[in-house]
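> Please see the structure below; I have some questions.
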Amino acid sequence: MFKKNRHGIQVKTPEQLEKMREAGLVVGRTLQLLRESVEPGLTPLDLDAIAEKFIRSQGAVPSFKGYQGFPGTICASVNDEVVHGIPRDARKLREGDVISIDCGAILDGWHGDAAITVPVGEVDPALTELMRVTEEAMWRGISALTVGRRLSDIGHEIESYVRSQQGTYGIPQEYGGHGIGTEMHMDPWVANHGRPGRGPRFEAGMCFAIEPMVNLGTDKTKVLADDWTVVTIDGKASAHFEHSVAVTHNGPWVLTALDGGAERLSLLLGEAARPGTAGQG
């Protein structure tokens, strides 16, 4: 039985959250392996093969492969590719590139979904800062996932942080996060921008994928002829970070982070944050 609140958002029991944590750990460990594997000379398709082998070795199934016809286990988006890059062997990664790797897995019917952006060797300092800003914006958005706050608080936290940083950064308006649970993409859609205090209030047991994408320039994008790959229209680089997160009475529980989000959230929320447990009692 899968409970939904009056807004149609799936609300998990503590036992179901534990199942989601197991799926999340498969994704987190896969991304850790891929981060360690990235180096000049590899192709995105090489990374895809590593990801699929590891996910299946954990008794899980890749979420993305075959999803609406997508051919890969991961989305691999290089440099000016924002999201949904198809892993190919047409080009090798080069020193100075950045690659965002989006990964999903299904375990016992529950989904995990997360993304990282990784430098390939030494990269331009502007790209290092772009990645830092995007990842920190994600954590700011995650910090909003406390009981009683509202859906639009996530996007407000993300946008406020990005706008506070020096430099010209674009936040693509068409793309954002989503609910997650027995399906990879569930209601509601989660914007990476907007005013606070709007939308449904968070309840313990809700789960969301929080995933800011930030461009080093304009927020305008286009979709390539493959009908998947999204690129910046000015050709400048983009970064993408994502975690699947549960709302609990102990604060956000980052299901795809190996430490449950403890290190980063303790800095943002202080001792009130005690992630790592369903904590709905």
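> How many residues does the stretch 105-138 hold that are without any contact (Cβ under 8 Å) to a residue 12 or more places away in the chain and either farther than 19 Å from R163 by Cβ or within 13 Å of the chain's Cα centre (by Cα) (or both)?
Residues in the stretch 105-138 being without any contact (Cβ under 8 Å) to a residue 12 or more places away in the chain and either farther than 19 Å from R163 by Cβ or within 13 Å of the chain's Cα centre (by Cα) (or both): 2 in total.
> Quick check on this structure: which one of A23, A49, A60 is touching a residue at least 40 places away in the same chain (Cβ under 8 Å) and over 23 Å from W189 (Cβ atoms)? Even if it seems obvious, please write down each step before you answer.
Details: A23 fails: over 23 Å from W189 (Cβ atoms); A49 fails: touching a residue at least 40 places away in the same chain (Cβ under 8 Å).
None of the others qualify; the one that does is A60.
> May I pose another question? Kindly indicate whether E159 is over 23 Å from T256 (Cα atoms) and among the acidic types (D, E). Spell out how you get there, then give the answer.
Values: over 23 Å from T256 (Cα atoms): no; among the acidic types (D, E): yes.
When the stated conditions are applied, E159 does not pass them.
> Within the stretch 159-183, how many residues are under 15 Å from V245 (Cα atoms) and either surrounded by 21 or more Cβ atoms within 10 Å (Cβ to Cβ) or not hydroxyl-bearing (S, T, Y) (or both)? Even if it seems obvious, please write down each step before you answer.
Keep residues of the stretch 159-183 that are under 15 Å from V245 (Cα atoms), which gives 176-183.
Among the residues that remain, those that are also either surrounded by 21 or more Cβ atoms within 10 Å (Cβ to Cβ) or not hydroxyl-bearing (S, T, Y) (or both) are: 176-181, 183.
Final tally of qualifying residues: 7.
> Only one of V11, V27, V38 is farther than 17 Å from D113 by Cβ, under 19 Å from the mean Cα position of the chain (by Cα) and not acidic (D, E). Can you tell me which? Full working, then the answer.
Values: V11 fails: under 19 Å from the mean Cα position of the chain (by Cα); V27 fails: farther than 17 Å from D113 by Cβ.
Unique residue meeting the criteria: V38.
> Now, a different point. Given the residues L17, L33, which is the only one that is part of a helix (DSSP H, G or I), farther than 18 Å from F241 by Cα and not charged (D, E, K, R)? Quick ask: steps written out before the conclusion?
Details: L33 fails: farther than 18 Å from F241 by Cα.
The unique qualifying residue is L17.
> Look through E159, E174 and report the one residue that is part of a loop (DSSP other than H, G, I, E, B) and more than 17 Å from A23 (Cβ to Cβ). Working first, answer last.
Values: E159 fails: part of a loop (DSSP other than H, G, I, E, B).
Result of the check over E159, E174: E174.
> What number of residues within the stretch 63-98 satisfy the criterion of being part of a strand (DSSP E or B) and either surrounded by fewer than 24 Cβ atoms within 10 Å (Cβ to Cβ) or free of Cβ contacts under 8 Å to residues at least 12 places away in the same chain (or both)?
2
> Can you tell me which of I106, I142 is assigned to a helix (DSSP H, G or I) and closer than 18 Å to H185 by Cα? Give the steps one after another, and end with the answer.
Values: I106 fails: assigned to a helix (DSSP H, G or I).
Checking each option against the conditions leaves just I142.
> Filter the stretch 57-103 down to residues that are of a type in the set (D, E, K, R) and touching a helix residue (DSSP H, G or I) at 6+ places or on another chain (Cβ under 6 Å) and give me whichever is nearest to D234 (Cα to Cα).
Step one: of the stretch 57-103, the residues of a type in the set (D, E, K, R) are 65, 80-81, 88-89, 91-92, 94-95, 97, 102.
Among the residues that remain, those that are also touching a helix residue (DSSP H, G or I) at 6+ places or on another chain (Cβ under 6 Å) are: 88-89.
Working: R88: 23, D89: 25 Å.
The qualifying residue nearest to D234 (Cα to Cα) is R88.
> Among the residues of the stretch 242-253, write down those that are surrounded by fewer than 24 Cβ atoms within 10 Å (Cβ to Cβ) and within 10 Å of the chain's Cα centre (by Cα).
None - no residue of the stretch 242-253 is surrounded by fewer than 24 Cβ atoms within 10 Å (Cβ to Cβ) and within 10 Å of the chain's Cα centre (by Cα), so the list stays empty.
> Considering the stretch 21-44 alone, what residues qualify as being surrounded by fewer than 19 Cβ atoms within 10 Å (Cβ to Cβ) and either modelled with pLDDT under 95 or under 18 Å from S100 (Cα atoms) (or both)? Full working, then the answer.
Within the stretch 21-44, the subset surrounded by fewer than 19 Cβ atoms within 10 Å (Cβ to Cβ) is 22, 29, 32-33, 35-37, 39-43.
Selection gives R29, Q32, L33, R35, E36, S37, E39, P40, G41, L42, T43.
> Next question, about the same structure. Could you check, for the stretch 214-223, whether at least one of its residues is acidic (D, E), in contact (Cβ under 8 Å) with a residue 40 or more places away in the chain and not in a loop (DSSP other than H, G, I, E, B)? Step through it out loud before you land on a result.
Narrowing the stretch 214-223 to residues acidic (D, E): 219.
Keeping just the survivors that are in contact (Cβ under 8 Å) with a residue 40 or more places away in the chain gives 219.
Then keep just the ones that are not in a loop (DSSP other than H, G, I, E, B); that gives none.
No, the conditions are met nowhere in the stretch 214-223.
> Sticking with this one: Restrict the check to the stretch 160-180 and report whether at least one residue is among the charged types (D, E, K, R) and either under 15 Å from the mean Cα position of the chain (by Cα) or under 18 Å from R264 (Cα atoms) (or both).
Here is the first cut: in the stretch 160-180, the residues among the charged types (D, E, K, R) are 163, 174.
Still in the list and also either under 15 Å from the mean Cα position of the chain (by Cα) or under 18 Å from R264 (Cα atoms) (or both): none.
So far as the stretch 160-180 goes, no, none of its residues is among the charged types (D, E, K, R) and either under 15 Å from the mean Cα position of the chain (by Cα) or under 18 Å from R264 (Cα atoms) (or both).
> Report whether or not L151 is out of contact with any Lys or Arg (no Cβ under 8 Å at 6 or more places or on another chain), of a type outside the set (F, W, Y) and buried (at least 23 other Cβ atoms within 10 Å of the Cβ). Walk me through it before giving the result.
On the way: out of contact with any Lys or Arg (no Cβ under 8 Å at 6 or more places or on another chain): no; of a type outside the set (F, W, Y): yes; buried (at least 23 other Cβ atoms within 10 Å of the Cβ): yes.
For L151, the condition - out of contact with any Lys or Arg (no Cβ under 8 Å at 6 or more places or on another chain), of a type outside the set (F, W, Y) and buried (at least 23 other Cβ atoms within 10 Å of the Cβ) - is not met.
> Could you check how many residues of the stretch 184-215 are among the hydrophobic types (A, V, I, L, M, F, W, C) and surrounded by fewer than 17 Cβ atoms within 10 Å (Cβ to Cβ)?
Here is the first cut: in the stretch 184-215, the ones among the hydrophobic types (A, V, I, L, M, F, W, C) are 184, 186, 189-191, 202, 204, 206-210, 213-214.
Of the ones still in play, those that are also surrounded by fewer than 17 Cβ atoms within 10 Å (Cβ to Cβ) are 189.
Of the residues in that region, 1 qualify.
> If D219 satisfies all but one of (1) farther than 21 Å from I171 by Cα; (2) touching a strand residue (DSSP E or B) at 6+ places or on another chain (Cβ under 7 Å), what's the number of the condition it fails?
Exception for D219: condition (1).
> Based on this model, can you work out whether V120 counts as in contact with a Pro (Cβ under 7 Å, 6 or more places away or on another chain) and surrounded by fewer than 24 Cβ atoms within 10 Å (Cβ to Cβ)?
Values: in contact with a Pro (Cβ under 7 Å, 6 or more places away or on another chain): yes; surrounded by fewer than 24 Cβ atoms within 10 Å (Cβ to Cβ): yes.
Yes: the conditions hold for V120.
The values are calculated or read from the model by the stated rules, or taken from the named source; none is laboratory data. Keep in mind it's a predicted model, so treat the numbers as computed, not measured. Ideal geometry is used to build each Cβ from the backbone, glycine not excepted, and the neighbour counts take in all protein chains shown.
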